[in-house]
Amino acid sequence: MEDLKSELHIVGICGSLRKNSFNRGLLRAFEQQLPDHIKFTIADLSELPFFSEERENNLPETVLKLKELVESADAVIVSTPEYNLSYTAVLKNALEWLSRGSLQRPLAGKPTAVMGAASIQVGVSQSHLRDVMHALNVKLINRPIIQVGNAREKFDEKGNLIDRGVKEQLEKLKDEFMNVLN
Ligand SMILES: Cc1cc2nc3c(=O)[nH]c(=O)nc-3n(C[C@H](O)[C@H](O)[C@H](O)COP(=O)(O)O)c2cc1C
């Protein structure tokens, strides 16, 4: 079995399930900034059931996999769109699973950055998300703040980031991760 601890490992969590998601593209663009010795994995949230306290004693396989993946990570980066002036239900559901049950709070104490892209703006959703991250006791990487508004102008139709300014911000964020992990 693959030893996830043999190299530094960052896990990406995407708040959108859309195939050509801008936020998945933002995570992939972040991955491109990373040096070779850092492993990067985007968690799969697509098969997660809705959280229920009644399922906590017999965790579904997809939840266990997510918890183990996050537990194995040295750091986490979350990217989410703004839906109706908050972050998405897909992400909230994943955070609820990650906050409870066996492998208690795998995000607690973990260096974590949040960023986002949306059609118009992502400031409010990011503020909501930061509040919840405080509740989960993550070690927030607060700078640079990456909020990609007007996303349609900054990504191509396949969700690849094409904006030089955002790429430069991602490089700075990568430097912050390296400072924290070294
Ligand atoms: C239910 C819903 C609500 C949305 N609300 C907002 C919003 O409040 N602000 C905004 O900028 N875009 C909003 N959008 C547009 C999203 O930003 C856009 O669909 C974006 O591409 C989603 O991110 P993704 O490409 O990673 O899937 C909304 C989209 C949906 C489906």
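In order along the stretch 65-76, phi translates into HN-Hα couplings of 4, 5, 4, 5, 4, 5, 4, 6, 7, 7, 7, 9 Hz, rounded to whole numbers, per the Karplus curve 6.51 cos²θ - 1.76 cosθ + 1.60 with θ = phi - 60° and x for Gly and Pro.
Could you tell me what percent of the accessible area of the stretch 51-151 is made up of carbon and sulfur, with a 1.4 Å probe and every protein chain present? Ligands and nucleic acids excluded, carbon and sulfur reach 48 percent.
Full extension of the segment from Glu96 to Arg164, taken as 0.36 nm per residue of separation minus the current Cα-Cα distance, would add 21.0 nm.
With protein chains left intact and a 1.4 Å probe, residues in the chain average 52 Å² of accessible area per residue. Here's the list of aspartates and glutamates a cross-link from Lys110 could span, going by alpha-carbon distance under 13 Å and ignoring same-chain residues fewer than 8 apart: Glu71, Asp74. With helices as the sole contributors, the chain gives -11500 deg cm²/dmol at 222 nm; each DSSP H run of n ≥ 4 counts as -39500 (n - 2.57), and the sum is divided by every residue. When peptides 36-45, 16-25 are sorted by average Cβ neighbour count within 10 Å, with the highest value leading, the order is 16-25, 36-45.
Relative contact order (percent) for the stretch 4-181, with alpha-carbon contacts under 8 angstrom and 6 or more residues of separation?
Relative contact order comes out at 27 percent.
Specify the longest stretch of the chain that does not include any exposed loop site, a site being one of the GluC sites (Glu not before Pro) with a non-H, G, I, E, B DSSP assignment and at most 14 other Cβ atoms within 10 Å. Present the calculation step by step, with values, prior to reporting the outcome.
Working: sites that count: Glu2, Glu7, Glu47, Glu56, Glu157.
The answer is 57-156.
Every Cα-Cα pair of the chain was included, and the share exceeding 24 Å stands at 33 percent.
The values are calculated or read from the model by the stated rules, or taken from the named source; none is laboratory data. Predicted model only: the values in this text are computed from it and were never measured. Cβ coordinates were reconstructed from backbone atoms using ideal geometry, including for glycine residues, and neighbour counts include every protein chain displayed. The area values use the complete protein model at the heavy-atom level, side chains included, leaving out ligands, DNA and RNA. Shrake-Rupley method; radii C 1.70, N 1.55, O 1.52, S 1.80 Å.
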